Amino acid sequence: MNVIEQARQAYAPTQVSIRTERSVEAQLISQITSRMRKAAFTTPSDFPALVAALHDNRRMWTTMAAGVADNDNALPKELRAQIFYLAEFTELHSQKVLRGKADATALIDINTAVLRGLNGQGAA
């Protein structure tokens with residue numbers, strides 16, 4: 001790196017990314033949902049990629065279920081119960097997808113709805 005490039009970097013404005021928990025959650029859900037959609041609906045479907053995406057989706061929902069089960073969670077009890085139910089559904093439906101008895105559409109739809117809520121878009 002030459003002196004001019006070093007000076008440019010030293011005096012360049014720094015950008016600090018401000019990320020909220022909500023934006024991090026939204027990004028994670030978006031990435032996992034995109035991977036599930038791509039793996040499930042490409043021709044032919046990419047089963048190993050689908051398995052990996054389903055695994056990550058299940059881990060994410062298990063983490064969310066643990067979070068809402070915590071008594072110190074600030075979310076309203078009804079919302080916590082709904083999230084916990086969705087985590088249970090995700091686990092059971094993922095098993096069906098892995099056995100070839102269902103497709104990933106319901107899981108993708110759930111994640112998309114949650115993503116809309118996190119982004120303040122509401123139900124569409």
Does Ala49 satisfy being at pLDDT 95 or above and in contact with a helix residue (DSSP H, G or I) (Cβ under 9 Å, 6 or more places away or on another chain)?
no
Taking the stretch 57-72 and keeping residues open to solvent by less than 40 Å² (accessible area, probe 1.4 Å) and either in contact with a Gly (Cβ under 8 Å, 6 or more places away or on another chain) or of a type outside the set (A, V, I, L, M) (or both) leaves Asn57, Trp61, Gly67
Has the stretch 77-93 got any residue that is closer than 28 Å to Thr42 by Cα and open to solvent by 70 Å² or more (accessible area, probe 1.4 Å)?
yes
Lone qualifier among Leu107, Leu115 - being touching a residue at least 24 places away in the same chain (Cβ under 8 Å) and farther than 17 Å from Glu21 by Cβ:
Leu107
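The values are calculated or read from the model by the stated rules, or taken from the named source; none is laboratory data. As the structure is a prediction and not an experimental result, all values here were calculated from the model. Cβ atoms come from the backbone with ideal geometry, glycine included; neighbour counts cover every protein chain shown. Heavy atoms of the whole protein, side chains included, go into the accessibility calculation; ligands, DNA and RNA do not. Shrake-Rupley method; radii C 1.70, N 1.55, O 1.52, S 1.80 Å.
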